Amino acid sequence: MPPPHVLAFRGQDRAERRPGTRASGWAHFVFTSLASLAAVTFALSRVERVRLLEALVVPATFLFANLVEYLVHRGPMHRRKKLLAILYERHTLRHHRYFTHEAMACDTAADFSIVLFPPVMLLVVLGGVALPVALLLFAVATPNTGWLFVATAMSYFLTYEWLHFAYHLPEGSRVTRSPLVRALRKRHTLHHDLGRMAHENFNITFPLCDWLFGTLGRPKIDDRGGRREARVARDDDARPSTRGDTHA
Ligand SMILES: [Zn+2]
Ligand SMILES: [Zn+2]
């Protein structure tokens with residue numbers, strides 16, 4: 001059972017939602033999945049006879065996407081920036097108050113919109129990020145590198161959406177039984193502790209940049225061998241921020 005402050009926030013949020021958006025959770029999920037898969041399939045269909053050097057764009061794009069995921073989440077999603085205030089409002093003020101480490105699961109499909117990016121974000125990712133970089137690669141490298149970049153970037157975006165979606169499904173759902181999803185979900189659950197969210201576990205997918213920048217947060221094994229809730233490797237960083245950038 002979610003704690004009272006989460007129940008109160010969910011009730012208020014649902015009451016303020018536009019009519020018609022309540023039943024569209026699965027449609028939202030299917031649209032995100034199919035549109036991303038269509039973009040990946042189309043990009044891959046344009047690739048032919050890849051040379052080894054061209055194939056390197058795949059791991060390079062993966063690492064770049066991991067860095068972007070980390071920096072955007074650690075930056076404007078958790079620190080209010082004037083031009084990107086919408087990200088802070090959607091993420092820190094809404095997503096993190098709707099789901100806390102004590103109440104991670106959606107109640108109904110209508111809650112999916114608090115987890116998934118809005119469909120327009122898919123167009124922003126496709127048109128605003130993937131397309132310009134792809135055009136640059138077309139111009140300075142080869143068509144194969146451009147299409148491989150699009151395919152990898154969109155696959156990464158969809159992996160982000162699917163994993164984050166899995167973290168917010170009810171415990172025991174089929175997909176959450178996978179050991180990999182379970183391990184990643186634990187990390188994200190720690191991130192949803194309001195006192196830790198502005199300090200650790202900013203990677204939603206694979207925690208490469210958290211490891212690189214020293215922001216990995218883990219449960220600590222206590223003296224009696226049991227798991228103790230929410231202690232961090234770097235304890236001084238785990239205090240809630242006093243600059244008003246943790247939560248409203
Ligand atoms: Zn989340
Ligand atoms: Zn967050």
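At 222 nm, what helix-only mean residue ellipticity would the chain give, in deg cm²/dmol to the nearest 500, using -39500 (n - 2.57) for each DSSP H run of four or more? Each step should come with its number before you reach the end.
On the way: 10 runs with 118 residues, N = 248.
Dividing the helical sum by the residues of the chain leaves -14500 deg cm²/dmol.
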(request) With a probe of 1.4 Å, find how much accessible area the chain has per residue, and write the answer as a whole number in Å². (result) 55
(message) As an exercise, identify the GluC sites (Glu not before Pro) in the stretch 1-93 lying in DSSP coil whose Cβ has no more than 13 other Cβ atoms within 10 Å.
(response) 48
(request) Using the Karplus curve 6.51 cos²θ - 1.76 cosθ + 1.60 with θ = phi - 60°, work out ³J(HN,Hα) for each residue of the stretch 130-135 in order, rounded to whole Hz, and write x for Gly and Pro. (result) 5, 5, x, 5, 4, 4
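Nothing charged except the Cβ atoms of Lys and Arg (+1) and of Asp and Glu (-1): what's the magnitude of the dipole of the chain about its Cα centre? Round to the nearest 20 debye. Could the numbers behind the result be given before it?
On the way: 32 positive and 21 negative charges, 40 e Å.
For the chain, the charge dipole is close to 180 debye.
Calculate, in nm to one decimal, what residue 44 and residue 71 gain on full extension: separation in residues at 0.36 nm each, minus their alpha carbon distance.
Working: separation 27, 0.36 × 27 = 9.72 nm, distance 2.78 nm.
Length gained, residue 44 through residue 71: 6.9 nm.
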(request) Would you mind working out the magnitude of the charge dipole of the stretch 19-157 relative to its Cα centre, with +1 at each Lys and Arg C-beta and -1 at each Asp and Glu C-beta, to the nearest 20 Debye? (result) 420
(message) Between helix 179-191 and the chain, what is the angle of the helix's C-alpha long axis to the longest principal axis, kept within 0 to 90° and rounded to the nearest 10?
(response) 60
(message) Quick one: 3J(HN,Hα) in Hz for the stretch 57-72, Karplus 6.51/-1.76/1.60 with θ = phi - 60°, rounded, Gly and Pro as x.
(response) 5, 5, x, 5, 5, 4, 5, 4, 5, 5, 5, 4, 4, 5, 5, 5
(message) Using only Cα atoms and rounding to the nearest 10 degrees, what angle (0 to 90) does helix 143-167 make with the longest principal axis of the chain?
(response) 20
(message) On C-alpha positions alone, give me the angle between the axis of helix 4-16 and the longest principal axis of the chain, in degrees, nearest 10.
(response) 50
(request) Kindly rank 186-194, 4-12 from highest to lowest mean number of other beta carbons found within 10 Å of each residue. (result) 186-194, 4-12
(message) Suppose every Lys and Arg Cβ carries +1 and every Asp and Glu Cβ carries -1, with no other charges. What dipole size does the stretch 1-84 come out with about its Cα centre, to the nearest 20 debye?
(response) 400
(message) Per residue, how big is the convex hull of the stretch 4-177 when only Cα atoms are used? Give it in Å³.
(response) 138
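The values are calculated or read from the model by the stated rules, or taken from the named source; none is laboratory data. Everything numeric in this text was worked out from a predicted model, so none of it was measured. Counting neighbours? That spans all protein chains shown, and the Cβs are built from the backbone with ideal geometry, glycine included. For accessibility, only protein heavy atoms count, side chains too; no ligands or nucleic acids. Shrake-Rupley method; radii C 1.70, N 1.55, O 1.52, S 1.80 Å.
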